[in-house]
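The block underneath contains the structure these notes are about, expressed in structure tokens.
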Amino acid sequence: MEPVRIALIGAGSRSFGPATVRDVLLSEVLAERGVGLRLMDIVSEHLTEIEAYAQRLVDRLGRRASISPTTSLDAALDGANFVVAAIEVNRYMLWAQDFHIPRKYGFRQVYGENGGPGGLFHALRNMGPTVAIASAMERLCPGAPLLNFTNPEHKLCEAVCRLTSVNAVGLCHGVFMGLEQVARILGMPTERIEGRACGINHFTWFQTLRDRETGEDLYPRLRAMEREGHELCDWHEIGLGRILFRRFGLWPSPAANHYGEYVRWADEFVASQVQYYYDPMRGHPWETGVVPEFIYSLSADVTQRPWRREQSEQVAEHPGTQDEATLRPSGELAVPIMEAMTDGSPRLLEAVNVPNRGAIPNLPPDMVVELPAVADGRGVRAEQMGPLPEGIVGLLAVQASIQKLLVQAFAERSKDKLLQAILLDPTVDSYRQAVGMMEEMLQLQRAYLPAFE
């Protein structure tokens, strides 16, 4: 048997590079076939550490695997069976713009990653290289799936599915965060709860929550426990979620700072201003080059720091070097999909981003949604879900139009379509300010965006 050829695009990613390499080399199914692992990054210096890490694992595990680093996309993709993408450029500097510029114009988005006006520009920056990867796959490995870790998952996968023939599957672990929240409230082990959630990336809703051992519907207990809980408990993580649960009837996932991006009034619950804090009197980061520190969540004492900055500044160790004593799978779904498509054995996937095609009956069939699926030798197939409540459909349906318009704006290089998508966003409440924000973002990020007409 020929080895399984896997192209990891963005192999220098500190989050997903080492984790994917580790998952691939820990897999017994893939090891039985042998592995040809191609590590691709546009920055050659980023490949040195990840290549060395991969080779150490090959030697330690005794795997039949070849490791091939390259800066050539074509060389990485040629004849690949699977393509994994995790790409991002100048991440925190540009995310700081995504966050601050829309707020400068009065749009009270809470995060600026996958939703809100900032999320639209985040998507546009990554849409170009992601579609370029998919277009190259059409030439060099037309049967391979694109297993995408790059955000915004749903918007990028929709671009690939609408503009190319490649089968894109977006992978996110957010649903597990929602399950952990439910488990804490109920005082149960997370692994005992079976939950099926659907919606869009970073805004899914659990249609069912059951006890795996007894089959009990856990929603009545969750409603009772939620009513008893202190209003401020875990406020930053689930304060907004509890209100959505009370008013719309289902528990949302993954956390308030994520699904808050899609809710007009989320800033009443999510204290986001510290996220990329800097003093504008000292200059904007994109003028000074000083990237503001990213604060993901306020759930702990995240602002405790030594008084002198240099005392807290240490060179971060590469994630790949931290876990070589005890090797464990990451829990991400890329390798389970590879295993299922390689040996034909079905694998349940708790959450993937794929075209709806009727799986959620009352959302558009061509919209990319997040929902459970099954992978086997035939590929990845979404599981059939029930209709979502009308209030939730109302929250999600506008996102379907935004996603579609954004892909059209990218494909047509249309500033008009981009402005339409911006004006549909729930946090945008001024035409004049929307135009001003769009023009400033297009100018600031012109090196990373298409040339709009």
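The values are calculated or read from the model by the stated rules, or taken from the named source; none is laboratory data. If you're wondering where the values come from, they're calculated on a predicted model, not measured in any experiment. Neighbour counts are summed over all protein chains in view; Cβ atoms, including those assigned to glycine, are modelled from backbone coordinates with ideal geometry.
Computed quantities for the displayed model
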item: Candidate set: the stretch 294-309, residues that are within 22 Å of the chain's Cα centre (by Cα) and among the hydrophobic types (A, V, I, L, M, F, W, C); chosen: the one farthest from H100 (Cα to Cα); result: L298
item: Of the criteria (1) modelled with pLDDT of 95 or more; (2) out of contact with any Lys or Arg (no Cβ under 7 Å at 6 or more places or on another chain); (3) surrounded by fewer than 17 Cβ atoms within 10 Å (Cβ to Cβ); (4) of a type outside the set (D, E, K, R), which one L333 fails; result: (3)
item: Lone qualifier among R184, R196 - being modelled with pLDDT of 95 or more, outside any helix (DSSP H, G or I), farther than 26 Å from R125 by Cβ and not acidic (D, E); result: R196
item: Boolean, E228 is surrounded by fewer than 17 Cβ atoms within 10 Å (Cβ to Cβ) and farther than 15 Å from E180 by Cα; result: yes
item: Residue list for the stretch 231-255, filter: in contact (Cβ under 8 Å) with a residue 60 or more places away in the chain and surrounded by 15 or more Cβ atoms within 10 Å (Cβ to Cβ); result: D234, H236, E237, G241, F248, L250, W251, P252, S253, P254, A255
item: Some residue of the stretch 81-97 being charged (D, E, K, R) and modelled with pLDDT of 95 or more; result: no
item: Scope the stretch 398-423; condition in contact (Cβ under 8 Å) with a residue 24 or more places away in the chain and among the charged types (D, E, K, R); matching residues; result: K404, R413, K415
item: Checking V291 against (1) farther than 13 Å from V110 by Cβ; (2) assigned to a helix (DSSP H, G or I); (3) under 26 Å from the mean Cα position of the chain (by Cα), the condition it does not meet; result: (2)
item: Out of Q403, Q433, sole residue that is over 22 Å from V369 (Cα atoms), part of a helix (DSSP H, G or I) and not basic (K, R); result: Q433
item: Single residue of the stretch 256-284 satisfying the filter (modelled with pLDDT of 90 or more and of a type in the set (A, V, I, L, M, F, W, C)) that is surrounded by the fewest Cβ atoms within 10 Å (Cβ to Cβ); result: M281
item: Inter-residue pairs, beta-carbon under 6 Å, first in contact (Cβ under 8 Å) with a residue 24 or more places away in the chain and in the stretch 28-42, second of a type in the set (K, R), 6+ apart; result: A31/R63; G34/R64; G36/R5
item: Residue in the stretch 375-396 that is within 25 Å of K104 (Cβ to Cβ), of a type outside the set (D, E) and touching a residue at least 12 places away in the same chain (Cβ under 8 Å) present; result: no
item: Qualifying positions in the stretch 74-94 - assigned to a helix (DSSP H, G or I), in contact (Cβ under 8 Å) with a residue 12 or more places away in the chain and either of a type in the set (D, E, K, R) or crowded, with 19+ Cβ neighbours inside 10 Å (or both); result: D74, A76, L77, L94
item: Residues within the stretch 49-60 that are touching a residue at least 60 places away in the same chain (Cβ under 8 Å), surrounded by 14 or more Cβ atoms within 10 Å (Cβ to Cβ) and out of contact with any Gly (no Cβ under 7 Å at 6 or more places or on another chain), tallied; result: 2
item: Considering residues of the stretch 61-73 that are small (G, A, S) and more than 29 Å from Q445 (Cβ to Cβ) only, the residue surrounded by the most Cβ atoms within 10 Å (Cβ to Cβ); result: A65
item: Residue within the stretch 163-185 that is in contact with a helix residue (DSSP H, G or I) (Cβ under 7 Å, 6 or more places away or on another chain), within 30 Å of A224 (Cα to Cα) and of a type in the set (V, I, T) present; result: yes
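Listed here are the residues, each with its yes/no results for (1) modelled with pLDDT of 95 or more; (2) surrounded by fewer than 24 Cβ atoms within 10 Å (Cβ to Cβ).
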| site | (1), (2) |
| --- | --- |
| K104 | yes, yes |
| V110 | no, no |
| H122 | yes, no |
| P142 | yes, yes |
| P145 | yes, yes |
| H154 | yes, no |
| V160 | yes, no |
| G174 | no, yes |
| E180 | yes, yes |
